[in-house]
């Protein structure tokens, strides 16, 4: 059944009861997911601020993590967009360690090259999350060890 | 080649970053799990765990995709990557959505959690308050009980110590409680004889008083200073000023009454005596004036009558007529003399006398006649009476008047008791003459000392006997008390003060009541 569904998805001419989803829809769905992710991180950042949790170092680090994730989403969203703009001949060679890119051919190539380094944002973002949780965990342990009056 | 740049740095960052993402995301999950374990009830940590898990899923899907892509391309397997690529992208997209959805969902959860925490705090506060109240309950009960006891004692002292009767009745006017003054007034020794046994209405002398009182209580809820006559256990009557309120609970009507009754019997008797004394004083003043005005013409009439009698020998018509005039003139003079005695207009010769001897002398005069009339004489004379300074003849006249009145009150046969007593301080002597006659109605008791008041048929009495007696006793600074019950008899008591010092001859012309002319 799954095979028939997957098979039919590539043959739009035979679909009467449902609409077909050709290639760009996947990118659009992915881009919308980035927007949704960024928006949720924005809401979380605001919520932490409004509840004054960001006064605590642990939550403050998590807040920073949210901001970095927002930035990462912006970068990746832009990266996907720029990737669609550059032509295949800007990348030269087989896609391995030796592949090169012609940055001088188009400004988009430069953006593409920079935006491809998105891990420089998402790794610090998740690092901040880990540090924040670690700080909260230590805080909880310290509180648990404090003798009750 | 000079315009191209290597993609190796991008590849390096991509692979290393992906690996770091996987490691760090699992580290985040680990810390989040520790937090949940440390505080399982904290919804925030649950969210953090879900968030971290979703991020781990995102990191794994993305990193696996990126690393696999690089590996497959390095292994010259681009076709495989092309086949896997859609699934990697779809899972990656799904991971974004899950992370975002968890975050948004948590906002709602947090609101609910906040409300629950508030309720929890409120419950904890309430629990602490209940614990505190429980701890303090016993001491509070003790404290309140002591306060109540103090208050009860305070009001009990007021209740029991009152000199006036205080009573509490139920809805049917039965006694629920009464103080000692009330018990004494009503002639009872113990509350048990009264409380729950008798009702207040049974003590009223006049049923109409009771009916009117209860009606007013029902209508107005209270009565103030109502004059009532109550009858005590021994039959004596009390005059009371009664104030009472009705208890009304609003649903079942009157549930009881509380009241205070002030015994004003002594005060009323005193007022009556004063009124009587005042009235007799006025009558005495009038009588004195009349007696003096009549006495002189009567003297002249008697003198001339006696002169004419000498000139008219006995047996003649004129002599007989003059005798009749003389007789009636003498009767008038007797009345006038009695009036003067009542008004204390005659001289008294006070000497030390033995009251018992006076009584016995009078009794010896009447005893024979009483014996014939089937009247029993009973005497109870105190042998230790002090000597009085008084006009013995006039005192005997008083005793004679009282004994004759007692005799006339007993229609056929009966007993007359004469007793003499002295008070514990030896300051007065009481001579009581009690008969078992018909008694005197209440409405006439106040009039018996009035001059010319008599219940005897015309011609049988002048109505001056008690008036004269009253005047004589007043002249001796004493008093006459009369107690009578219709059908059971009367008691007249003469109370004379014991005076010391030399006897004096009195020529008092003052009126009864002590008013001087």
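The values are calculated or read from the model by the stated rules, or taken from the named source; none is laboratory data. All of these numbers come straight from a predicted model, not from anything done at the bench. Because the Cβ atoms are built from the backbone with ideal geometry, glycine has one as well, and the counts that use them run over all protein chains shown.
So the values come out like this:
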{"read-out": "Residue tally, condition more than 7 Å from every other protein chain (Cβ to nearest Cβ) and assigned to a loop (DSSP other than H, G, I, E, B), over the stretch B:2-29", "value": "1"}
{"read-out": "Test: residue in the stretch B:419-435 that is part of a helix (DSSP H, G or I) and crowded, with 18+ Cβ neighbours inside 10 Å", "value": "no"}
{"read-out": "Selection status of residue B:299, out of contact with any strand residue (DSSP E or B) (no Cβ under 6 Å at 6 or more places or on another chain), outside the structural domain of residue B:499 (by TED's automatic domain parsing) and not in a helix (DSSP H, G or I)", "value": "no"}
{"read-out": "Top-ranked residue in the stretch B:37-49 [being more than 9 Å from chain A (Cβ to nearest Cβ) and crowded, with 19+ Cβ neighbours inside 10 Å; ranked as modelled with the highest pLDDT]", "value": "B:49"}
{"read-out": "Conditions (1) surrounded by fewer than 18 Cβ atoms within 10 Å (Cβ to Cβ); (2) within 19 Å of the chain's Cα centre (by Cα); (3) more than 12 Å from chain B (Cβ to nearest Cβ): number failed by residue A:120", "value": "(3)"}
{"read-out": "Any hit, the stretch B:370-388, residues being assigned to a helix (DSSP H, G or I), exposed (fewer than 14 other Cβ atoms within 10 Å of the Cβ), without any contact (Cβ under 8 Å) to a residue 60 or more places away in the chain and over 40 Å from the mean Cα position of the chain (by Cα)", "value": "yes"}
{"read-out": "Inter-residue pairs, beta-carbon under 7 Å, first in contact (Cβ under 8 Å) with a residue 60 or more places away in the chain and more than 9 Å from chain A (Cβ to nearest Cβ) and in the stretch B:98-117, second assigned to a helix (DSSP H, G or I) and surrounded by 14 or more Cβ atoms within 10 Å (Cβ to Cβ), 6+ apart", "value": "B:109/B:43; B:109/B:47; B:113/B:43"}
{"read-out": "Scope the stretch B:303-353; condition under 28 Å from residue B:462 (Cα atoms) and outside any helix (DSSP H, G or I); matching residues", "value": "B:343, B:344, B:345, B:346, B:347, B:348, B:349, B:350"}
{"read-out": "Single condition residue B:197 does not satisfy, out of (1) in a loop (DSSP other than H, G, I, E, B); (2) within 17 Å of the chain's Cα centre (by Cα); (3) farther than 23 Å from residue B:265 by Cα", "value": "(2)"}
{"read-out": "Test: residue in the stretch B:86-96 that is more than 10 Å from chain A (Cβ to nearest Cβ) and touching a helix residue (DSSP H, G or I) at 6+ places or on another chain (Cβ under 8 Å)", "value": "yes"}
{"read-out": "Test set (1) farther than 30 Å from residue B:44 by Cα; (2) surrounded by fewer than 18 Cβ atoms within 10 Å (Cβ to Cβ); (3) modelled with pLDDT under 85 - residue B:81 fails condition number", "value": "(2)"}
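Yes or no, residue by residue, for (1) surrounded by fewer than 13 Cβ atoms within 10 Å (Cβ to Cβ); (2) under 17 Å from residue B:42 (Cα atoms):
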residue	(1), (2)
B:73	no, no
B:92	no, no
B:104	no, no
B:107	no, yes
B:111	yes, yes
B:127	yes, no
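Residues checked against (1) in contact with a helix residue (DSSP H, G or I) (Cβ under 6 Å, 6 or more places away or on another chain); (2) within 8 Å of chain B (Cβ to nearest Cβ); (3) without any contact (Cβ under 8 Å) to a residue 40 or more places away in the chain:
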| site | (1), (2), (3) |
| --- | --- |
| A:98 | no, yes, yes |
| A:108 | yes, no, yes |
| A:116 | yes, yes, yes |
| A:126 | yes, yes, no |
| A:135 | yes, no, no |
| A:143 | no, no, yes |
| A:146 | no, no, yes |
